[in-house]
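Peer 1: Below: one structure in structure tokens.
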Amino acid sequence: MCGIVAYFGKKAAQPILLEGLKRLEYRGYDSAGVALMAGNTFEQHKTSGRIANLEEVLPAVNAAQTIGIGHTRWATHGEPNTTNSHPHTDATGKITLVHNGIIENYATLKKWLLKEGCTFQSETDTEVLANLIGYFYTQEQDKDGTACEHFERAVQKALNEIYGTYGLAIMCADCPDMMIGVKKGSPLILGVGENEFVLASDASAIVEHTTRAVYMSDGEMVIIHADGFTTKTITNKEVSKELKDIEFSLDQIELEGFEHYMQKEIAEQPEALHTCLNGRIDLKNGRVILGGIQNLLRDLTRTKRIIMTACGTAWHAALVGEFLFEQLARIPAEVEYASEFRYRNPIVEEGTVVIAISQSGETADTLAAIEQAKERGATVLGVVNAVGSTIARLTDAGVYLRVGPEIGVASTKAFTAQVSVLAMLAVELGRRRHLSADAAQTILTELAKIPQKVESILAQQEHIKAIAQANIHKDNWLFLGRGFNYPVALEGALKLKEISYIHAEGLPAAEMKHGPIALITDDMPAVFVATQCSQYEKVIGNIEEVRARGGKTIVVATEGDDHIAPYADYLITVPDTIEQLQPLLTVVPLQMLAYHAAVLRGHDVDKPRNLAKSVTVE
Ligand code: F6R
């Protein structure tokens, strides 16, 4: 949600910022801009719309401009026009900055700054922050010290007045050899190269320049000078930070011949899942080795309750997790929307384990839910993809998905990996409680076969595309499943609506008759997940109810099910597996269906309207 990138080095900054913004564009694409240090002033270029629009208005590269900041926006305060786009500069013209996050008390501060004589151009919260820093900078100038010391103190003073979240890159016209980065609640990473620094919202904008990085923590600032960098808190306490390796390569964030990242990420699920499972399954003993949580396994085994908290697709994975923990480990489990959990005064009894699930590791609501859980004494585990992300660092322990960066806004490989990790965890907890080695071996043997089975589903690409084509003119769809496939129905509906803008609703199939059945007509495709499972006959009953009312069905069934054909207007099959692991297979054709529907409707699959990857605002 908004991407920031800044360059400080010896090379021309403009092309590096532009390339960085293209890598970060999935975080927001309403408007974009850059500011380059030009002597004791800034040269600024901004525009509404995509980075491609910015590229068109940028002048020829000036090799002497080697310091600059850039921003790609997902609008929160103020419509996405050129004036509201970042960078924002204070009224004195001395301070300019890019911001990812929200300044919650901006209205109060703006009122006060207006009284103090400040003027504003935009409707944004960010311009208020620029002016607040500018205000303190002017005051500091009457005091002892250099311009750089004044700048640093002004930033600290301003941030101590702010409520909200921020990842910031800030420049001061009087300090042309200095830049400040600050983080609270929004991600910020400092890439450290040979005589150069790249500050960015995520590693994808850094990895082309260096693989060594400092992951900033909340309340920390980095001050970059030509001869190096220092880190401290915004309350001016020195902090020493470790240089870490960025754990992915440039190849992983390239399209590599695919048209869209979503298409690539669906296709790479077999390999991604293989990597996720690799080395973690001990088939011989029916055990699972999850290094990151080894020390907490005793607590986990004895817990009386697991609460999973997440948003969106990760919440759907958590729902599968709930069924897995209950069935395999016999531990009471529940799933909470992070945005609800945090405000509900939740009851967290002693010994409760909270598992936060997040691809990006930066989702603001999930972060807040973790803080809430920790305050109430819970042990918090993270199931996270992005290595070094805020959630990964905030939790007591965790398991990484290991599926590489997910760039498509619609989450795909993260879902299957999240379910895989939860399945492994449920088996291991089960084994430590009552699950027999035989039962565990059966589940883990099946789990190990999943990557290869996903491969065979991907081979049905043309068939699934044809089904999307046949139904592309339908504006309302239903997705229905029961048991372990109920979360898959929710996920199938979410995938379709977020990228194709077709209205879709996901439901437990039996709930249909309590209301939604009124919607059924031959103009509303009903997608049923009807694989061989304990509720198979019941799902068939639900299909009959739809067909009796003239509804058209798209059915995902088990390969070799001879019984199912009469119930399906369109049939997609997936290989057989045990019921608990079926979501790992049944979700794949639904991802493909959504992808093709969006492409056929002519939408930009990787940049769906109004959305952004990584929701770092509430
Ligand atoms: C949907 C999607 C979102 C995310 C949600 C949580 O395709 O991607 O619903 O799942 O915003 O994001 P993470 O997992 O990064 O916390």
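Peer 1: Considering only the range 17-32, state which residues are surrounded by fewer than 24 Cβ atoms within 10 Å (Cβ to Cβ) and either in contact with a His (Cβ under 8 Å, 6 or more places away or on another chain) or under 15 Å from GLN44 (Cα atoms) (or both).
Peer 2: Answer for the range 17-32, where residues must be surrounded by fewer than 24 Cβ atoms within 10 Å (Cβ to Cβ) and either in contact with a His (Cβ under 8 Å, 6 or more places away or on another chain) or under 15 Å from GLN44 (Cα atoms) (or both): just LEU18.
Peer 1: Oh, and also: Of everything in the range 476-504 that's within 15 Å of the ligand (Cβ to nearest atom) and of a type in the set (Phe, Trp, Tyr), which residue is least open to solvent (accessible area, probe 1.4 Å)?
Peer 2: Out of the qualifying residues, it is PHE479.
Peer 1: If you go through the range 374-390 one residue at a time, how many are closer than 16 Å to VAL335 by Cα and within 13 Å of the ligand (Cβ to nearest atom)?
Peer 2: 2
Peer 1: Need pairs with beta-carbon distance below 6 Å; first residue modelled with pLDDT of 95 or more and within the range 356-380, second near the ligand (Cβ under 7 Å from one of its atoms) and part of a helix (DSSP H, G or I); sequence gap 6+ or separate chains.
Peer 2: ALA356/THR366; ILE357/ALA314; SER358/ALA314; SER358/THR366; GLN359/ALA414
Peer 1: Could I ask something else about it? Looking at LEU243, LEU300, can you tell me which residue is open to solvent by less than 30 Å² (accessible area, probe 1.4 Å) and more than 16 Å from the ligand (Cβ to nearest atom)?
Peer 2: The match here is LEU300.
Peer 1: Is it true that some residue in the range 501-508 is in contact (Cβ under 8 Å) with a residue 60 or more places away in the chain and either outside any helix (DSSP H, G or I) or in the same structural domain as GLU579 (by TED's automatic domain parsing) (or both)?
Peer 2: Yes, the range 501-508 has at least one match.
Peer 1: Here is a follow-up. Check ASP90, ASP144 and return the single one that is within 18 Å of ILE69 (Cα to Cα) and either open to solvent by 70 Å² or more (accessible area, probe 1.4 Å) or touching a Cys at 6+ places or on another chain (Cβ under 8 Å) (or both).
Peer 2: Working: ASP144 fails: within 18 Å of ILE69 (Cα to Cα).
ASP90 is the lone residue from the list that is within 18 Å of ILE69 (Cα to Cα) and either open to solvent by 70 Å² or more (accessible area, probe 1.4 Å) or touching a Cys at 6+ places or on another chain (Cβ under 8 Å) (or both).
Peer 1: Inside the range 482-502, can you point out the residues that are over 19 Å from GLN469 (Cα atoms) and of a type in the set (Phe, Trp, Tyr)?
Peer 2: Across the range 482-502, the qualifying residues are PHE484, TYR486.
Results for (1) under 25 Å from ALA493 (Cβ atoms); (2) away from the ligand (no atom under 14 Å from the Cβ); (3) in the same structural domain as SER411 (by TED's automatic domain parsing); (4) within 22 Å of the chain's Cα centre (by Cα), shown as yes or no for each residue.
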position	(1), (2), (3), (4)
VAL320	yes, no, yes, yes
ILE331	no, yes, yes, no
GLY351	no, yes, yes, no
ALA356	yes, no, yes, yes
GLN372	no, yes, yes, yes
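Peer 1: Shifting gears a bit: Suppose we filter ARG393, ARG344, ARG402 for residues that are part of a helix (DSSP H, G or I), more than 14 Å from the ligand (Cβ to nearest atom) and out of contact with any His (no Cβ under 6 Å at 6 or more places or on another chain); which single one remains?
Peer 2: Criteria check complete, one pass: ARG393.
Peer 1: Can I ask one more? Among the numbered criteria (1) open to solvent by less than 10 Å² (accessible area, probe 1.4 Å); (2) in a loop (DSSP other than H, G, I, E, B); (3) more than 9 Å from the ligand (Cβ to nearest atom), which single criterion is violated by GLY430?
Peer 2: Here GLY430 clears every test but (2).
Peer 1: Out of the strands (runs of 3 or more DSSP E) lying entirely within the range 151-196, which hold 3 or more residues that are open to solvent by less than 10 Å² (accessible area, probe 1.4 Å)? Let's see the steps before the verdict.
Peer 2: Working: elements: 164-172, 178-184, 189-192.
Once the strands (runs of 3 or more DSSP E) in the range 151-196 are filtered for at least 3 residues that are open to solvent by less than 10 Å² (accessible area, probe 1.4 Å), what remains is 164-172, 178-184.
The values are calculated or read from the model by the stated rules, or taken from the named source; none is laboratory data. All figures in this text were calculated on a predicted structure; none of them were measured in a lab. Note that we place each Cβ from the backbone using ideal geometry, even for glycine, and neighbour counts take in every protein chain shown. To get the accessible areas, we keep the full protein, side chains included, count just its heavy atoms, and leave off ligands, DNA and RNA. Shrake-Rupley method; radii C 1.70, N 1.55, O 1.52, S 1.80 Å.
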